[in-house]
Amino acid sequence: MPITRLQPSHDDPKNCFRYRDKESGDAVEVEVCYVSHSARRGIYLTIKPVTLSDDAYSFNLMSLRQYHVRSLNRASPRVLREIAEAVDPHVEELAATFREDSQAGYAAARALAESLQPQAA
């Protein structure tokens, strides 16, 4: 399935896909990224409000929420892409839900991340 909404992040194109619902002003950002600098290395789904302008990018760290999807000791482009493909159809709805009610947006992101976690046999 092709990824159409998420784009490789300018900051870390090998390890992160990003969707923004707007290109300037107040936007909602959804990311699927490999994170190596946390106690649980792996792939995370992140949602946060951001403010974008020609020369600035800012967000309140307290409003950022990361939801663990998969544990990985090393970055795996294949697994990251598979998860990004699964998230891609949902990013517009996630951003719209967050914009309407941030708590509902956080809950929707958490539920999506949990649905993507590997099922125990």
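Where a number appears in this text, it was derived from the coordinates with a stated rule and is not lab data. This is a predicted model, so every value here is computed, not measured. When we count neighbours, we look across all protein chains shown, and the Cβ atoms used for this are built from the backbone with ideal geometry, even at glycine.
Extension gain for S63 to D101 (0.36 nm times residue separation, less C-alpha to C-alpha distance): 12.4 nm.
Gain on full extension, evaluated as 0.36 nm per residue between K14 and E82 minus their Cα-Cα distance, stands at 23.1 nm. In order along the stretch 77-83, the phi-based Karplus estimate (6.51 cos²θ - 1.76 cosθ + 1.60, θ = phi - 60°) of 3J(HN,Hα) comes to x, 5, 5, 4, 5, 4, 5 Hz; Gly and Pro are listed as x.
Count charges around E100 for me, please; just the other residues with Cβ under 14 Å from its Cβ, Lys/Arg as +1, Asp/Glu as -1. Each step should come with its number before you reach the end.
Details: positive: R99; negative: D21, D26, E92, E93, D101.
Cβ neighbours under 14 Å give a net charge of -4.
Each 5 Å bin from 0 upward holds the following percent of the Cα-Cα pairs of the stretch 51-121: 3, 13, 19, 22, 18, 16, 7, 1, 1, 0. A cut-off of 5 Å between modelled amide H atoms, ignoring neighbours fewer than 5 places along the same chain, links Q7 with R18, Y19. The string of couplings for the stretch 92-101 from the Karplus curve (6.51, -1.76, 1.60, θ = phi - 60°) is 5, 5, 4, 4, 5, 4, 4, 4, 6, 7 Hz, one whole number per residue in order, with x for Gly and Pro.
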